[in-house]
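Beneath this line is the structure, given in C-alpha cells, with notes to follow.
The values are calculated or read from the model by the stated rules, or taken from the named source; none is laboratory data. Given the structure is predicted, the values throughout are model-derived calculations rather than measurements. Cβ placement follows ideal geometry from the backbone for every residue including glycine, while neighbour counts extend to all protein chains displayed. Calculation scope for accessible area: heavy atoms of the full protein, side chains included, ligands and nucleic acids excluded. Shrake-Rupley method; radii C 1.70, N 1.55, O 1.52, S 1.80 Å.
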Amino acid sequence: VIRKADLLVLGAGPAGCHAALAGAEAGLDVVLLDEQDTAGGQGWRAPLAGLGMARKGADALAGDAMRQRLARSGIECRFGRRVWSVGGRFRLDAMGPDGAEAFEAERLIAATGAHERVVPFPGWTLPGVIGLAGATVLLKAQAVLPGKRVVVAGAGPLLFAVAAGIIAKGGEVAAIADMDGRLAWMKRLPGLARRLDLLREGLGWSLSILGARVPLLAGHGIRRALGENQLETVVIGPVDGAGAPVGGAERTFDCDALAIGHGLVPGGEAPKILRAAHVFDRQRGGWVPTRDAYGRCSIAGLYACGDGAGIAGARPSAAAGTLAGLAAAHDAGRLNQASFAALAEPAIQQLSAYRPFAAAVTEAMALRGAQVAAIPPETVVCRCEDVTRAEIDAAVDAGATDINQMKHFTRCGMGPCQGRMCGDIAAELVAQRRGVGREAVGFWTQRVPLRPVALDQLLGRFDYADIPIPPPAPL
Amino acid sequence: MTAWRATKAVTRPAFVTFDVDGQAMTAPDGEPLSTALAAAGLLGLRHSPRNGAPRGAFCHMGVCQECVVTVDGRTVQACLTPVRAGLAVRLGGAIP
C-alpha cells in the first residue's frame, strides 16, 4: 500500500517540523518522517522518555514548544522510520517498526540535517574518541557524561557548550583545545553581538569554564591520541589560523574520553540522489543544493531547507523550514500570491536577522584546508574500510581524478557509513593532491539504499506460492 | 573510559537487566544501548574489518555505524537501539 499525500517532509528537526507545520496550516495533506522516535533533530532533540532534569536549556524549551505545536497540528508523523530510498517525483521507501512502508507525493521537502566533521589524526579511531555533537546528545538528551576526565577539542561554539555542559553536570574537563586563537573570536564578536541572547549563552559557558579553572588552549589542535585498546592520552600542539600545525610546546593530557569536532557537513542525500543541481560552498559546510530564497531546488516540486541544505544553525533552519513549507503550499495552489507573501515575510525577516550571527559561527566551523594537508600519511581517513591518507594520495597519483574514481581504486567511502564520515575530507585530499578546487573532484554518487537495511525485513514474511507469476510473453 | 550517569537533579526510568555476551548488565529502561555499554566500561564493541583495530561508538547519532552489534540475532546500531529488559547482546563480528 502506498500512502499518497500532498507533501512529504523528510527529517523532523527544526527545519522539517516548521516546513510541515507551514504546509499543513495552508491546507496540505502532509506526512513527516524521521529516523528518531520523536521530533527535534539533533539540536532540539527531546530528552529520553522518563528522564527528568531540573533545568532545561534554551534548545530543549524550543524543542518542547515545537513538539507541542506538532502534536496539535494533525500532521501524520511517521517517526522511527529509516528512509532507505528516495526516487521518482516523489516516492519514499521506509523501514519502520511494522515493516516496509512507501509514500508518494508531488512535493518533497528535504530537511535531513547535518552530521559532524572530524578531521582525522593519528589515534582518532580509538574507542573513547567521540564526536562533539555526540557528546552534546549524551549530555542534553541522556544526562550522561562521556568520561571521568574529558578533553574537549576542535573548532566552533560546540566546544564551549560541551565543556560547560560537562562542568554543570559535575564532571571534569581535562583541557579544551580550540583551533581558533582569541583574535579569531574577537574578529567574530560584531557578528555574534547581533544575537545578544545567544552571545550571553556563550559568555555563560565561558564563565563556568573559567570558574572550573580548566586549561583553555586557544590556537591548539590535537596532534595524536594514544592508547592500547582504548583512549588513554591525547597530545595537543599549537596550530595557525588556517589549521596547520606550527612549532611550540606540545602538551600531554591523560583522559578517558576525547570529544572532538571540526564543524558540520550537510547531509543532503535526497537532493543528491534525485540529481538536483548542487554548488560547493565551503562556508556552509560543503556541497549544497542550489535553491531560491524559499528553498526551491532545481527540480520542480523538490525543496531543501535546514542544515542539510547548508549549515546555518537551528533557529535559521526553523525559519527556512517555514519558507519551504509555504512555498510548497503556494506552488500547489493552496496559497495565493498575497497570502504567501504576507506569511513568508516574518520568516524572511528572521532569516536576515540571524545571518550575521550564523556567518560568524559557520566561519569557525568551516573546513580548514591546511589542517587536512597536515594529516600524516599512515592516518586512517575512511574508518569503515581502514583506508589511509597515503592510499588516497597513491590513487590520485595513479590517475584517479575525482572522488568516485578514488573510491573505486581504494574502497574509501565504500563501507557501511556510506562515506558520510570521510567524504568531505577525502574530497579535500583528492583536490589538494591534484592542485584543483573542490568543484573539480565532485562528491560521492548517491545511491540506494541510503542507509543499511536488512533484506529479510524489507521483504517481510511470504510463502513461495504467494509470489505473483507474470503471464508468459506471447511466442 | 567510563561514561557515567549524572545524578545532580536527574531522575531516571527504572533499571532493567539484559545480557551482554553471557554477562548480566543493568541500565535505565530506554537508554541507548551504546550509552549503557559505555557506562559499563565496555568501549570497544568490535574490530575494524581490515586492520582488526578496536572500535566503539563514535558519532552517537546513527551515522558512523561504528557501534554495530548483534541484538537478539539482528545486526543493529547500538546508538539507535533502546535498552529493554531481556535483550541478548553480542559484541564483535557483527560486520564480518
#### Entry: A:Tyr294 accessible area, 1.4 Å probe, all protein chains in place, Å² to nearest 10
60
### Ranked by how many other beta carbons lie within 10 Å on average, peptides A:51-57, A:249-255, A:30-36 from highest
A:30-36, A:249-255, A:51-57
### Message
Full-extension gain between A:Arg434 and A:Ala249, please, as 0.36 nm times their residue separation minus the C-alpha to C-alpha distance.
### Response
63.3 nm
## Note on the structure
Amide H contacts under 5 Å for A:Lys148, restricted to residues at least 5 apart in sequence or on another chain and with H modeled in the peptide plane, are A:Asp256, B:Thr2
### Query
Ordering A:Ile236, A:Ile348, A:Ile469 by how much accessible area each has at a 1.4 Å probe, largest first, what is the list?
A:Ile469, A:Ile348, A:Ile236
### Task
In Å³ and rounded to a whole number, note down the convex hull volume per residue for the Cα atoms of the stretch A:375-425.
62
### Query
In degrees between 0 and 90, to the nearest 10, how far off the longest principal axis of chain A does helix A:423-434 point, with axes built from Cα atoms?
70
### Query
Which Cys in chain A stand alone, with every other cysteine's Cβ at 4.7 Å or more from theirs?
A:Cys17, A:Cys77, A:Cys255, A:Cys297, A:Cys305, A:Cys384, A:Cys417
### Query
Of B:Arg74, B:Arg46, B:Arg84, which has the largest mean-square fluctuation in a 10 Å C-alpha GNM of chain B?
B:Arg74
### Summary
When the charge dipole of the stretch A:253-357 is computed with +1 at the Cβ of Lys and Arg and -1 at the Cβ of Asp and Glu, the Cα pointing farthest to the positive end, of A:Phe280, A:Cys305, A:Asn336, is that of A:Asn336
### Derived scalar couplings ³J(HN,Hα) [the stretch A:158-165; Karplus, 6.51 cos²θ - 1.76 cosθ + 1.60; whole Hz; x for Gly, Pro]
4, 3, 7, 5, 5, 4, 5, x
### Task
Per DSSP H run of n ≥ 4, the term is -39500 (n - 2.57); total these for the protein assembly as shown, divide by its residue number, and report the mean residue ellipticity at 222 nm rounded to 500 deg cm²/dmol.
-9500 deg cm²/dmol
## Note on the structure
Using alpha-carbon positions, the gyration tensor of the stretch A:19-85 gives root eigenvalues a ≥ b ≥ c; with a/c under 1.5 called rounded, otherwise prolate if a/b exceeds b/c, else oblate, the class is oblate
#### Entry: 10 Å Cβ neighbours from other chains, averaged over peptide A:129-136
5
### Summary
Given backbone amide H placed at 1.01 Å from N, residues whose amide H is under 5 Å from that of A:Leu450, ignoring those fewer than 5 places away on the same chain, are A:Ser85
### Query
Chain pair B, A: how much accessible area is buried, both chains summed, with a 1.4 Å probe, in Å² to 100?
3900
## Note on the structure
Sorted by accessible surface (1.4 Å probe, heavy atoms of the protein chains only), largest first, A:Lys4, A:Lys169 come out as A:Lys4, A:Lys169
### Query
Over the Cα atoms of chain A, Rg to Rh with Kirkwood Rh, two decimal places?
0.98
#### Entry: Separation of the B:Thr2 and A:Ala54 label points, Cα + 7 Å toward Cβ, nm
2.4
## Note on the structure
For B:Ala24 and A:Ala341, extending 7 Å from Cα along the Cα-Cβ vector and measuring point to point gives, in nm, a value of 7.1
### Query
Can you give me the relative contact order of the stretch A:330-459 as a percent, contacts being Cα pairs under 8 Å and 6 or more apart?
19
### Query
Say each of A:Arg69 and B:Phe15 gets a label point 7 Å from the Cα, pointing the same way as Cα to Cβ; how far apart are those two points in nm?
4.1
### Task
Write down the accessible area per residue of the protein assembly as shown in Å², having rolled a 1.4 Å probe over the full set of protein chains.
41
